[in-house]
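Enquirer: The following block contains the structure, expressed as structure tokens.
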Amino acid sequence: MKIKRSLFLPCFTILLISGSSINVVTAQDTPTFTLRELVQQAKDNSPASLRAKTIKENRYWEFRQFRADYNPQLRFNGTIPSYTRSYSGVTQPDGSIGYREVNQNLVDLGLGLQQVIAPTGGVISVNTSSSRFDNFRNDLNEPRTQFLGTPVNISLQQPIFAYNPFKWNKKISPLLFEESKREYVEEMESVSMQVTSLFFDFLIAQVNVEIATKNLENSEGIYSIEKKRYEKGMTYEDDLLQIELQALQAQQDLAQAKLSLESSLFAVNSYIGLNQNTEIKLFSPTEIPDFHVDVEQAIDLAFQNRSESLGFDRRRLEAEAEVAQARGQRFEATLNASYGTNNTAYSWGDVYQNPNTQALVNLGVSVPILDWGRSKARMAQSMANQRLVDYTVQQDMVNFEEEIFTKVKNFLMIKERLNVTKVADDVAQRRYDIALRRYQTGNVTITNLNIAQNEKDSNKRAFYESLRDYWMAYYELRALTLYDFENGELLYAPELD
């Protein structure tokens, strides 16, 4: 039986250069990428990176809004106009109600400059206002228009013994903003890890197609040799059938490898923002950066740079703020005070002639006399929650340090394993080449040749899997520390806002 040779006509032809570099031969305008270039392409154009940039921008404007709350606010208020024409009941001196026609208009304008007092939680403001009242039902000998004005008024609203949100927000919001900036860098490194995984999915799919193509070619050659031996009576029919089945399996393996290659290409293009049908060319990143990673240094860098380390402090502050809020609700008092001048006249200009003094002071107090332990329970709950947060943060810090320690050790182990798998790949390839030549001369059985082929294939795949693990760990280490160990520089620098 003659096995038809499968024609390998995918969208591009795969070549293995120097036993390590996988290239794809395509048209001249085919985009080509190294791993680092594909990572940068994903950071610039992938939906995941654009989402991270949008979140970062959103957090920036949240912080700008927070800072604006502590700046002076100039406000204009007015009623322009308020016209009324109706009948209204008016109580008479004898207690009866007389209905009178109301036909009047009111215009009220005010301008105020307001400033928050962050340390105390109070609000101070300077205001000026003017209003005009027109009564169109007045007798002709009575003035229809009156003016009321407040040339200047200074007012203070000051809570006493109350929760001060301005004080706590001033501590917490900058930490949240700083966390968001670091989270953005971490998200970009997560994008690097994701595109690295897709990169090697595609690269390994290329390797599998190359392996399957070569295995099919070898299987057909072996079948041809074995068939001639069978015709000469030098081999058994069951051996010939076994080789025929291997050739058929090689055809199936090649078809499956091509399908996986197309699927991997689609996934890469979708993630980095290219058209799904775009053919690309990848270069295998077999040159490994040579740098040293110290475990203690990595842990220190993680605590200095990671958003989680800021989150530890921020979570403690938020728990303290909850205790302060519960404490402030037990006794509420607000001091309202204002001082200024005002006047009324029948012309607008006369309002500002010799205005009278205007003063107001009041202290409002709210103290629960009998709340059935509500305030006590609220206070106890907030303090218990604070203790819980402290214990949780302590455990999270231990886990955080342990994670960095484990990841660094894992990175160092993967780096050593990569060197071993590279040597094993070369050895397995040489062994198979020798076994194939010996089989062709009749000095090795088909069983031993199949063993050599399986070892060759498994060691090549193991090498590329180790290569994937290395680069995944490389970008994971960057994300965990926000530090580029290869170039010796921070990935994150505080922005000047």
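Enquirer: All but one of (1) modelled with pLDDT of 90 or more; (2) closer than 30 Å to Tyr483 by Cα hold for Val323; state the number of the condition that does not hold.
Expert: Unmet for Val323, out of (1) modelled with pLDDT of 90 or more; (2) closer than 30 Å to Tyr483 by Cα: (2).
Enquirer: If Gln206 meets every condition in (1) touching a residue at least 12 places away in the same chain (Cβ under 8 Å); (2) among the polar types (S, T, N, Q); (3) surrounded by fewer than 20 Cβ atoms within 10 Å (Cβ to Cβ) apart from one, which number is that one?
Expert: Status for Gln206: all satisfied but (3).
Enquirer: Also, I was wondering about something else. Look at Val25 and say whether it is farther than 30 Å from Lys171 by Cβ, modelled with pLDDT under 85 and either within 23 Å of the chain's Cα centre (by Cα) or surrounded by 10 or more Cβ atoms within 10 Å (Cβ to Cβ) (or both). Even if it seems obvious, please write down each step before you answer.
Expert: Values: farther than 30 Å from Lys171 by Cβ: yes; modelled with pLDDT under 85: yes; either within 23 Å of the chain's Cα centre (by Cα) or surrounded by 10 or more Cβ atoms within 10 Å (Cβ to Cβ) (or both): yes.
Yes.
Enquirer: Okay, next question. Could you check how many residues of the stretch 285-301 are more than 15 Å from Phe405 (Cα to Cα) and either outside any loop (DSSP other than H, G, I, E, B) or charged (D, E, K, R) (or both)? Talk me through it step by step, then tell me what you get.
Expert: Initial filter on the stretch 285-301 (more than 15 Å from Phe405 (Cα to Cα)): 285-291.
Remaining after also requiring either outside any loop (DSSP other than H, G, I, E, B) or charged (D, E, K, R) (or both): 287, 290.
Number of matching residues: 2.
Enquirer: Checking Val389 against (1) assigned to a helix (DSSP H, G or I); (2) in contact (Cβ under 8 Å) with a residue 40 or more places away in the chain; (3) under 30 Å from Asn169 (Cβ atoms); (4) out of contact with any Lys or Arg (no Cβ under 8 Å at 6 or more places or on another chain): exactly one of these is not met. Which one?
Expert: Only one criterion in (1) assigned to a helix (DSSP H, G or I); (2) in contact (Cβ under 8 Å) with a residue 40 or more places away in the chain; (3) under 30 Å from Asn169 (Cβ atoms); (4) out of contact with any Lys or Arg (no Cβ under 8 Å at 6 or more places or on another chain) is unmet by Val389, namely (4).
Enquirer: Let me ask you something else. Taking only pairs six or more apart or across chains, which ones have beta-carbon atoms under 8 Å, a first residue in the stretch 361-382 that is of a type in the set (Ser, Thr, Tyr), and a second residue that is surrounded by 11 or more Cβ atoms within 10 Å (Cβ to Cβ) and assigned to a loop (DSSP other than H, G, I, E, B)?
Expert: Between residues of the stretch 361-382 that are of a type in the set (Ser, Thr, Tyr) and residues that are surrounded by 11 or more Cβ atoms within 10 Å (Cβ to Cβ) and assigned to a loop (DSSP other than H, G, I, E, B), the close pairs are Ser366/Phe331; Ser375/Gln329; Ser375/Arg330; Ser375/Pro368.
Enquirer: Could you please find all residues in the stretch 347-371 being more than 30 Å from Ala333 (Cβ to Cβ) and touching a strand residue (DSSP E or B) at 6+ places or on another chain (Cβ under 6 Å)?
Expert: Applying the first criterion (more than 30 Å from Ala333 (Cβ to Cβ)) to the stretch 347-371 yields 347-355.
Trp348, Val351, Tyr352, Pro355 - these are the residues of the stretch 347-371 that are more than 30 Å from Ala333 (Cβ to Cβ) and touching a strand residue (DSSP E or B) at 6+ places or on another chain (Cβ under 6 Å).
Enquirer: Considering each residue of the stretch 345-379, count those that are in a strand (DSSP E or B) and out of contact with any helix residue (DSSP H, G or I) (no Cβ under 6 Å at 6 or more places or on another chain), and give that number. Spell out how you get there, then give the answer.
Expert: Narrowing the stretch 345-379 to residues in a strand (DSSP E or B): 345, 356-366.
If we keep only those that are out of contact with any helix residue (DSSP H, G or I) (no Cβ under 6 Å at 6 or more places or on another chain) as well, we get 356-366.
Residues flagged as in a strand (DSSP E or B) and out of contact with any helix residue (DSSP H, G or I) (no Cβ under 6 Å at 6 or more places or on another chain) within the stretch 345-379 amount to 11.
Enquirer: Also, quick follow-up: If you take the residues in the stretch 42-98 that are aromatic (Phe, Trp, Tyr) and part of a strand (DSSP E or B), which one is surrounded by the most Cβ atoms within 10 Å (Cβ to Cβ)? Lay out the reasoning, then the answer.
Expert: Let us first name the residues in the stretch 42-98 that are aromatic (Phe, Trp, Tyr), namely 60-61, 63, 66, 70, 76, 83, 87.
Going one step further and asking which of them are part of a strand (DSSP E or B), we end up with 76, 83, 87.
On the way: Phe76: 8, Tyr83: 11, Tyr87: 9.
Filtering first and then ranking leaves Tyr83.
Enquirer: I'd like to check something: does the stretch 414-435 contain any residue that is closer than 30 Å to Phe303 by Cβ, crowded, with 16+ Cβ neighbours inside 10 Å, within 30 Å of the chain's Cα centre (by Cα) and not assigned by TED's automatic domain parsing to the domain that holds Asn343?
Expert: Yes, the conditions are met somewhere in the stretch 414-435.
Enquirer: Looking only at the stretch 126-172, filter to residues that are buried (at least 18 other Cβ atoms within 10 Å of the Cβ) and hydroxyl-bearing (Ser, Thr, Tyr); which one of those is nearest to Glu318 (Cα to Cα)?
Expert: Tyr163
The values are calculated or read from the model by the stated rules, or taken from the named source; none is laboratory data. What you are looking at is a predicted structure, and each value in this text was computed from that prediction instead of being measured. Positions of Cβ are generated from backbone atoms using ideal geometry, with glycine treated the same way; all protein chains shown enter the neighbour counts.
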